[in-house]
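Asks: The structure that follows is given in the form of structure tokens.
The values are calculated or read from the model by the stated rules, or taken from the named source; none is laboratory data. Quick caveat: nothing in here was measured; it's all calculated off a predicted structure. So basically every Cβ, Gly included, is an ideal-geometry build from the backbone, and we count neighbours across all protein chains shown. Heads up: the accessible areas ignore ligands, DNA and RNA and are worked out on the full protein's heavy atoms, side chains in. Shrake-Rupley method; radii C 1.70, N 1.55, O 1.52, S 1.80 Å.
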Amino acid sequence: MTVINDYLRTKEDNPTIGLLLCKGNNQALAKYALAGITNPLSVADYQLTRAVPEDLKSQLPSIEDLEQELKNKGERLD
């Protein structure tokens, strides 16, 4: 998150938030992954699904759009 904030975030952007996704309930993994974090943190359960609700599909970027955006951002770091 620090790298994103330092290199990609603009003055108009809010600070970056992070997501820690764990497949299982592994307290040791979470403890060490979050060690030293001083920013506010929220924890929630989620259920993964492959189906995207129809009313949201038109609002989401395509995989190709996301890949191009990441490629463009990476080129600016070089």
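Asks: Would you list which lysines come within 23 Å of Lys11, measuring only between C-alpha atoms, while excluding same-chain residues fewer than 8 positions from it?
Replies: The reachable lysines, counting only those whose Cα sits under 23 Å from Lys11, are Lys71, Lys73.
Asks: Alpha carbon centre of segment 16-45 versus segment 46-63: separation in Å?
Replies: For segment 16-45 versus segment 46-63, the Cα centre distance is 24 Å.
Asks: For percent of Cα pairs over 22 Å apart, pick the label among (i) 56; (ii) 49; (iii) 18 that corresponds to the value derived from the coordinates.
Replies: After the calculation, the listed value that fits is (ii).
Asks: Let me ask you something else. Please identify every one of the GluC sites (Glu not before Pro) in segment 1-71 that sits in a loop by DSSP and has no more than 16 other beta carbons within 10 Å of its own beta carbon.
Replies: Numbers: sites: Glu12, Glu54, Glu64, Glu67, Glu69; in loops: Glu12.
Passing sites in segment 1-71 are Glu12.
Asks: Looking at the chain, which longest stretch skips every one of the trypsin sites (Lys or Arg not before Pro) that is in a DSSP loop with at most 14 other Cβ atoms within 10 Å, leaving the sites themselves out? Please report the intermediate quantities before stating the final value.
Replies: Details: sites that count: Arg9, Lys11, Lys23, Arg50.
Maximal segment without exposed cleavage sites: 51-78.
Asks: With every protein chain present, what is the per residue accessible area of the chain (1.4 Å probe, Å²)? Walk me through the numbers before you get to the answer.
Replies: Values: 7940 Å² over 78 residues.
I get 102 Å² per residue for the chain.
Asks: Can you return the lysines within cross-link range of Lys31? Criterion is Cα-Cα under 25 Å, with same-chain partners fewer than 8 residues away left out.
Replies: By straight Cα distance, Lys31 reaches Lys23.
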